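Right, I'll just put the structure down here and ask away after.
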Amino acid sequence: MILLFHSYFQCNLIYRICFIITLFFSQAFSEDYLWPIKAKKEITAVFGEERPGRYHTGVDIRTFGEIGYHLVAIDDGYISRIRTSSKGYGKTIYLTLHDGNTAVYAHLDHFTPEVDNLVNALHEDYGKYTIDHKIDPEDYPVKKGDLLGYSGDTGGVSGPHLHFEIRDGYGQPVNPFQYSLDLPDNLPPEAESIAVIPLDENAIIDGFSEQKIFPLQKINDNEYVLADTIFAFGNIGIAIKTLDKISGQHFNFGIYSINLLLDAQFIYSMQYNKIDWGDASKIYTERSYSLAREGYGKYYHIFSHHENQSLPFINSKSRQGFVFDQKGIHDAIIDILDFAGNKIEIRAFFVSDTLPYFDYSTKFHENNCTITFKADEKVRPQFYLTEPISTDQLIPTEYYEMGDNTFLIENIIPPFNVLQISGKNSSGISSPPTFHMKPQQDFENINGEFNIKHYEQGIFISFKENIFSGMEAFLSLKKEGKLYSHQLKRDSKLTLTSGILSPSNLENVTELKIYYESSTPYEIFSMELSGDIIYPDSSFQIELLDGQLLLTGKAHTFYDTTFVWSRSVNTSQPKEGQIIAGPYFLKPYLIPFNNEIQLDMAIEPIYTTSNIGIYYYNQKKFEWNYLPSQLASDSMYITTSILSGEIFAVIEENNPPKLSDFIPDLNGTYYSSDLEHISFNVIDSFSGLEGETDVIVKLDDNPVVFEYNSYQNKVRYPLKYNLKKGAHTLYVQASDRVGNRTIIKGDFYIK
C-alpha cells in the first residue's frame, strides 16, 4: 500500500471556489414557506434520489404508519388541479402559489369537505374514479396555513406518507430544500467506495479491463482516502458509493452535490436543484446501472456520459472521464456535499501505467516447488497455499531462500496443493496473485460454466472452473462452421476471462467452447449461443432460440452497438400456476434500455384460451412478477413490453381474486342511519389487479363509482343518501390481470 501525500492539506483555490458556489446556490432561492404537514419534521427520501428508471422529484415526509395528519398551504395561492387514482400519486392536490410555483401534495386519504364534495361530483360526471381535473384560479383560493386535506396511503405506495413537491412556473420539479423547507443538519455525507470504470476497450485498471471497486478509508468525519494507489491506463471514469445523513433523521438519503478535480483541473460538478420530466430515462447515464444490477449498490457517476451535460443539475462543462495516456501520478479530489453545506473530501491517487508483473518460473517436484525470479527482479515474495476448490482460505507458508533469486516451498500436500504467488517490488507495489499447481493431464473431474457480461464498453466472457486446473486455456467461438480462438487470462483462482470483446466478435456465433492447452487441446465445456447484433441508429426485429422469442424495437434503444442473446435457465417455480414457456434469461442484463422493447413469447395452441401472462423473475426476492400481456393476433405468441434484460416465462394461473370483509354483510340487516358506506377487501396474490377498472360494484343493479385503495386492498363506496327500507342487492365482480374472475351477488336488508 502506498499513498502519495504530497500537498495533502494544500489549499486549492479552484476547489474552494466550487464549494462557495455550491453554498450560494443552495441558499439563493430561499422562500419563507411553511412545512406542508402538521407532523414531525421527519423525512424518508429527498429530491434527486434514484427510483427504478427515474428520479425522485420531491421529499417524502414520514407519518409513522398513520393517516389523517393535517396538510396545510405552504403559502398563499389557489387549488389549481385535483387528481384521484388507485395508482401513482393517488389522491393529489396541486396548489399554485403567488410566486408562480406549484406545491404538490400526494397520497392523500381525503380532502377538505368542500373539495371532497367537488371530487365526488367529478367522479359522477366522469363516471369513473380516476380523474385529473384543472380548476380556475378564482374557485378555490387559499391562504397560507389553510387546511388542504389529510395525509394517507392512496396510489402506488409502500406505506402511509406525504410525497411533497415544488414545481416551477414551467411545471418542472425543483428541490424543495431551496425554499426554506430544509432541515437542521450538521452531519456530513458518508462514502464507502469508489468504482473505476473503463470507458473504452483499451482502458486497463490494475491489470484488467473490467470495472473495479476500491474501498475507502475514513480519516475523520470529513476526510476519506483511497487506501491503495490505482494503476490505470486509457480512458476511465469514476463512480462513487455515497449517502447522506441528516441530524435527527432515521434514514439514509441521497446526496446534494458532487465535484471532482483531477490534478487541480475541473472534471465534473453537479447539484440537484432541478430535474426535467423528460430526462427520467437518462438517469442511468448519471448512475451506474451495471454496478447496481451486479449487487454492489447505488453509485453516482462522476463523469459526463452520453452527453448528459444537458441534464439541468450537471455542469455543462463536465468532462467525459479522463484519459491516462502518459506515465505519471495523478491526484483526484472528490467533494461531496449535502444541502446544509456539510462536506466530505475524498483523496485518491492514480498511477498512469500498467501494473507491474513479476517474471518468474516454477518447477514442481513431488511435494515441493522452486520459484526462480528474473535475476534483476527485486521482489519481496508472498507465498500461500490454498485448496483447488471454491474457497478463500489461504495458509501462509514458509519458504527458503536458495540464492540466485530462487525460493523453495515444501509440504505442498492435498488438499492445500495450490500455490498462490504474489509480491511487492522495491517501490512497495503489489503484483496481482497468480496460481500454480503440479501439472496434470487428468481433465475428467474438471467442469464449469460460462458467464457473459455485456457492459457498455464491451463484452467479457469468463469460464469458472469447478476445480482448479492449473492449465492455460483458450476460448473458441464457433461462427459459420469455423472456430475463432481467444486466449484466456486467469483473473482469480477458478476464473478464466477473455478480456474485452466487441459485440461484433459474437455476431453469428452459435457455440462457445473451452479448450485447455496440452499436447492435444482438450475440450472441457461448450455452450450454445443464440443472439444477434442491434445497432443504435436502426430499428430492429430479431428472433432468438429458434423463434421462441421475438424482439422488436426502435432506433436508439441502446446508445452503442449491442449484442442481445438469450438462453434457457432454471428458476424456482411460481407459488401459483405453472410455467408453460421458458424460463428464458434475456440479456444484456447490465445495460439499460432507452426505449421499450416488444417481447413476443411463443406458446402452444392449447394455451391460447387459458389465463396466461408473461412474468419476470425478481432474482432478489425470488418471486415472479406479472407484466401486462396480451395474445398476438395470430395467437401463436403472447406479447409484452420490457425495459430491461430479465428472466421471463409464460405462466398459466387459474386462481381468482378473493373477496372478504363485506360491509354490509350479505343477508345482514341494518338501520339506514347506521350504514354509511359499502366496502370490502379484494386480494389477488399473483398476477394482481390492474386497478379499479378490474372491479365492478353495483347497488340495486346500478353501477357505482367507488374508491380502490391498492395499498390496503380495499374497495369503498360512501353512500350518498340513506337507503330505503327493504331488500337491496349488492353485486361485486373482481378480475385479476390474466382474466380469473370472482363474482359475489346477494341481498342485505334495511329496517
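Just so it is clear, none of the values below were taken in a lab; they were calculated from the coordinates. Since the model is a prediction, treat every value here as computed from it, not as a measurement. Reconstructed Cβ throughout: ideal geometry from the backbone, glycine too, with neighbour counts over all protein chains shown.
Summing Lys, Arg as +1 and Asp, Glu as -1, what charge do residues with Cβ under 10 Å from the Cβ of residue 77 carry, residue 77 excluded?
Charge balance near residue 77 sits at -2.
For region 656-751, what Kirkwood radius comes out of the mean inverse Cα-Cα distance, in Å?
13.6
Against the longest principal axis of the chain, how steep is helix 113-126, in degrees 0 to 90 to the nearest 10, with axes from Cα atoms?
90
Now for a different question. For 71, 118, 586, what's the fewest-to-most ordering of other Cβ within 10 Å of each Cβ?
Ordered from fewest to most neighbouring Cβ atoms within 10 Å, 71, 118, 586 come out as 118, 586, 71.
What number results when the radius of gyration of region 316-419, computed over Cα atoms, is divided by 2.2 N^0.38 Å?
Expressed relative to 2.2 N^0.38 Å, the Cα Rg reads 1.73.
Please arrange 565, 277 by how many other C-beta atoms lie within 10 Å of their C-beta, fewest to most.
277, 565
Residues with beta-carbon under 12 Å from that of residue 544, excluding residue 544: net charge, scoring Lys, Arg +1 and Asp, Glu -1?
Net of charged neighbours comes to -3.
Which chymotrypsin sites (Phe, Trp or Tyr not before Pro) from region 126-226 combine a DSSP loop assignment with at most 13 other Cβ atoms within 10 Å?
Those satisfying the criteria are 170.
Please list, ordered by chain and number, the residues whose modelled amide H lies under 5 Å from the amide H of residue 140; skip anything fewer than 5 residues away on the same chain.
Counting only residues 5 or more places away or on other chains, the set is 79.
Now, a different point. Could you tell me the extents of the chain's C-alpha atoms along the three principal axes, largest first, rounded to whole Å?
Over the chain, Cα extents along the principal axes are 107, 70, 48 Å.
What is the local net charge at residue 667, summed over the other residues whose Cβ is closer than 14 Å to its Cβ (Lys, Arg +1; Asp, Glu -1)?
0
Also: What do you get when you divide the Cα radius of gyration of region 360-431 by 2.2 N^0.38 Å, with N the number of residues?
Ratio of Rg to 2.2 N^0.38 Å for region 360-431: 1.12.
Mind pulling the per residue volume of the convex hull built on the Cα atoms of region 186-352? Å³ is fine.
120
Also, I was wondering about something else. At 222 nm, what helix-only mean residue ellipticity would the chain give, in deg cm²/dmol to the nearest 500, using -39500 (n - 2.57) for each DSSP H run of four or more?
Calculated mean residue ellipticity at 222 nm is -1500 deg cm²/dmol.
Give the order of 684, 491, 700, 537 when sorted by the count of other beta carbons within 10 angstrom, beginning with the fewest.
The fewest-first ordering by Cβ neighbours comes to 537, 700, 491, 684.
May I pose another question? Restrict the search to region 341-444; then list the chymotrypsin sites (Phe, Trp or Tyr not before Pro) that DSSP places in a loop and that have at most 16 other Cβ atoms within 10 Å of their Cβ.
The qualifying sites are 357, 443.
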